[in-house]
1. Kindly evaluate B:Ile130 against the criterion of being within 11 Å of ligand 1 (Cβ to nearest atom) and more than 30 Å from B:Met1 (Cβ to Cβ).
2. Could you look through the range A:121-147, keep only residues that are basic (Lys, Arg) and near ligand 2 (Cβ under 8 Å from one of its atoms), and pick out the one that is farthest from A:Val96 (Cα to Cα)?
3. Residues to consider are B:Ala106, B:Ala96, B:Ala112; find the one that is in contact with a helix residue (DSSP H, G or I) (Cβ under 7 Å, 6 or more places away or on another chain) and farther than 30 Å from B:Arg160 by Cβ.
4. Taking the range B:178-194 on its own, how many of its residues are on the phi < 0 side of the Ramachandran plot and open to solvent by 30 Å² or more (accessible area, probe 1.4 Å)?
5. Step by step: first the residues of the range B:322-339, then only those that are without any contact (Cβ under 8 Å) to a residue 40 or more places away in the chain and open to solvent by 50 Å² or more (accessible area, probe 1.4 Å), then the one that is farthest from B:Gly271 (Cα to Cα). Which residue is that?
6. I want to confirm something. Restricting to the range B:116-138 and keeping residues that are open to solvent by less than 30 Å² (accessible area, probe 1.4 Å) and within 21 Å of the chain's Cα centre (by Cα), which single residue is nearest to the other protein chains (Cβ to nearest Cβ)?
7. Confirm whether A:Glu193 is part of a helix (DSSP H, G or I), at pLDDT below 80 and either open to solvent by 70 Å² or more (accessible area, probe 1.4 Å) or not assigned by TED's automatic domain parsing to the domain that holds A:Ala105 (or both).
8. Go through (1) out of contact with any Lys or Arg (no Cβ under 6 Å at 6 or more places or on another chain); (2) modelled with pLDDT under 95 one by one and return the number of the condition B:Ala106 breaks.
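The values are calculated or read from the model by the stated rules, or taken from the named source; none is laboratory data. Source: prediction; values computed, not measured. Cβ placement follows ideal geometry from the backbone for every residue including glycine, while neighbour counts extend to all protein chains displayed. The area values use the complete protein model at the heavy-atom level, side chains included, leaving out ligands, DNA and RNA. Shrake-Rupley method; radii C 1.70, N 1.55, O 1.52, S 1.80 Å.
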Amino acid sequence: MAVKGEGIVERSLVEDDHILEQEKLIIEGVDVSGRWNTFLAPRVQEDYTPSLEAEVRALGVGENIRRCWQCGMCTASCTANSVYPDFNPRHFIYLVKLGDVQRLAKLADVVWRCVGCYKCSQRCPREVNPAEVMEAIGVIVHRRWGERVAREEQVGTGAYKKQIYGTGRLNLATLMAADLRGLGRQRELLSAEQMRIGMKMFRDSRLFHTLRLGRAPGWSRLRRVLEEHRRSREEVHP
Amino acid sequence: MSEAVLIIGGGPAGLAAAASLADLGVEAVLVEKEPELGGTPKKYAYSKLVPDLRPAQETLAPLVQRVQGREGLRVLTDARPTAVSGKAGDFKVRLAGPAGEEELSAGAIIVATGFEHFDARRDTKYGYGIYPDVVDIRDMERMLSEPQLKRPSDGQVPQRVGFILCVGSRDRMVGNTYCSRVCCSVCCVQAIEVKEKNPSAEVYIFYMDIRTYGLLENLYWEAQEEHGVLFVKGRVGEILPRDGQLMVKGEDTLLRGPFEVPFDLMVLASGMEPGEGTVQVAELLNLAREPNGFLAPRDSHTAPLEAAVEGVFLAGADLAPKFSDDAVAEGAGAAVRAAAFLRSRAGR
Ligand SMILES: Cc1cc2nc3c(=O)[nH]c(=O)nc-3n(C[C@H](O)[C@H](O)[C@H](O)COP(=O)(O)OP(=O)(O)OC[C@H]3O[C@@H](n4cnc5c(N)ncnc54)[C@H](O)[C@@H]3O)c2cc1C
Ligand code: SF4
């Protein structure tokens, strides 16, 4: 068999994992290998996890998910959607409310791609705060299907972790530099615009303070909390 | 002790109250703050009316005629109350009108101060007040009263027309969480009118739910079946000008995914709010208001047309969004309640 399901006319409408095919198939003594051995799994949904909504609500920022009435204002306002067509906050909220883990699992690697522009939260007529509900859904997806989430998401987490665990705060300037280096775009740091801003900040001494934020206040206590957190996370994601 | 009833507001509800009191032989004074009687439909020149698509001129005229030249009924336009003292049976009301101030006595008061349209500039994402071809249903009523529908920017006949339902209603962000009740049916009628004037126009209605409640459902069916109006379930997130058209960005929730399509004219179904006149009278008479600002009856089951303040009766769209047939029925009902109230006091 060359291509999976190649005998199906409207192939694009059928998802890969619904197509059942065998190299060789014999039914009641008749060899039906070839075109006749393509079967489709039933599309009737039988399995729901109603507790999914409660899991999202328990995360605080997901609290208002119950309010959603599926109007589509969030998706209509979405920035990420034009880059990732499957990123549809309204649809994700629906899947969570229904407890449709099958469909959500398939989209695990899309759910976290919100860019945080907050236009949805500004416009949602029910004040669901979809931007932050998406954050909560992202956490749930990580917990359940962390292995399905693409590695790009890890870009920059090294620098994040180093700063948080090392100083208790994020230094956005050095973080951006680290990210650009990670992406092989360090030249952009030396653009005319960056140099102009850099010189200005050097003259009024902001540059020094920006690059050396130092440790967060109450560091000795904070450090213990962070260490504890790191251990608990490593238990979940070794 | 006064035997007269003061009616505040000369819209459908107030006109019906005044005519009913005249029919009952009860003395009454009708005050209207605008120069003309007829209420909001008159003030903004509504076109064809729900439920039977008759021109507003035609249906308002008999309501106005019934209060003209009636014995025992005084009609004052360009006038409004400025102060009220006393109590049921003997209210003292100060009126400011074109002839200056005057004071009159009233045994009972009917409040029929109606509604105002939601100001769509408050919902900034649609650019109402910035882009001339983004209009609201109030503007559209006036535009449809003309023989030809033209778009404001350049006077061209719009070929692609879209309606957005629930603007200023059912939306926490603008502060109105109630349904304005009339807009779904009004948009169906306006869409039909667009098609009647220009059968080749493409007309879309973007909706979350269609609330053509009760017998009004036939308008929804008619728009769809006879005029080919298209209903798209979803929400529009923003409107931006592009190449002389409006680029409309939204999500079609049935297809699951966003769209960006050009339109020539976008109509916002801006809802109903208690107007400034209602707020003013509520303060003068110390009337209770429900959380959205509409007037609250004493008991919505047993006394839906009575205020908690004795001797004050309520009718029309100042109680809640509604169509004018309901407003007219309530005006007549409030007139009966007020007349019965005065009679019971006189008998005492
Ligand atoms: C876009 C739109 C389209 C509509 N189309 C239809 C339709 O097709 N068919 C239909 O049946 N209904 C329609 N309606 C509903 C209809 O307009 C209302 O039901 C009706 O106007 C309510 O009548 P009313 O007398 O209660 O209030 P109003 O018509 O608002 O009249 C109130 C009057 O009181 C006056 N007033 C207010 N305060 C004071 C004051 N302090 N002193 C003195 N006077 C005061 C106002 O100037 C006004 O004239 C529509 C509504 C909207 C928003
Ligand atoms: S805008 Fe709000 S209510 Fe509408 S679908 Fe999105 S989250 Fe739900």
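1. Details: within 11 Å of ligand 1 (Cβ to nearest atom): no; more than 30 Å from B:Met1 (Cβ to Cβ): yes.
Here the answer is no, as B:Ile130 does not meet what is asked.
2. Taking the range A:121-147 and keeping what is basic (Lys, Arg), we get A:123, A:126, A:143-144.
Applying the additional criterion that residues be near ligand 2 (Cβ under 8 Å from one of its atoms) yields A:123, A:126.
Details: A:Arg123: 21, A:Arg126: 17 Å.
Once the filter is applied, the top-ranked residue is A:Arg123.
3. Details: B:Ala106 fails: in contact with a helix residue (DSSP H, G or I) (Cβ under 7 Å, 6 or more places away or on another chain); B:Ala96 fails: in contact with a helix residue (DSSP H, G or I) (Cβ under 7 Å, 6 or more places away or on another chain).
Result: B:Ala112 is the single residue among B:Ala106, B:Ala96, B:Ala112 that is in contact with a helix residue (DSSP H, G or I) (Cβ under 7 Å, 6 or more places away or on another chain) and farther than 30 Å from B:Arg160 by Cβ.
4. In the first step, residues of the range B:178-194 are kept if they are on the phi < 0 side of the Ramachandran plot; the result is B:178-180, B:182-194.
When the remaining residues are screened for being open to solvent by 30 Å² or more (accessible area, probe 1.4 Å), the result is B:179.
So the count comes out to 1.
5. Of the residues in the range B:322-339, the ones without any contact (Cβ under 8 Å) to a residue 40 or more places away in the chain are B:326, B:333, B:337.
Filter once more, so that each one left must be open to solvent by 50 Å² or more (accessible area, probe 1.4 Å): B:326, B:337.
Numbers: B:Asp326: 17, B:Arg337: 30 Å.
Among those residues, the one meeting the criterion is B:Arg337.
6. Ranking the candidates gives B:Asp123 first.
7. Values: part of a helix (DSSP H, G or I): yes; at pLDDT below 80: no; either open to solvent by 70 Å² or more (accessible area, probe 1.4 Å) or not assigned by TED's automatic domain parsing to the domain that holds A:Ala105 (or both): yes.
For A:Glu193, the condition - part of a helix (DSSP H, G or I), at pLDDT below 80 and either open to solvent by 70 Å² or more (accessible area, probe 1.4 Å) or not assigned by TED's automatic domain parsing to the domain that holds A:Ala105 (or both) - is not met.
8. So the condition that B:Ala106 fails would be (2).
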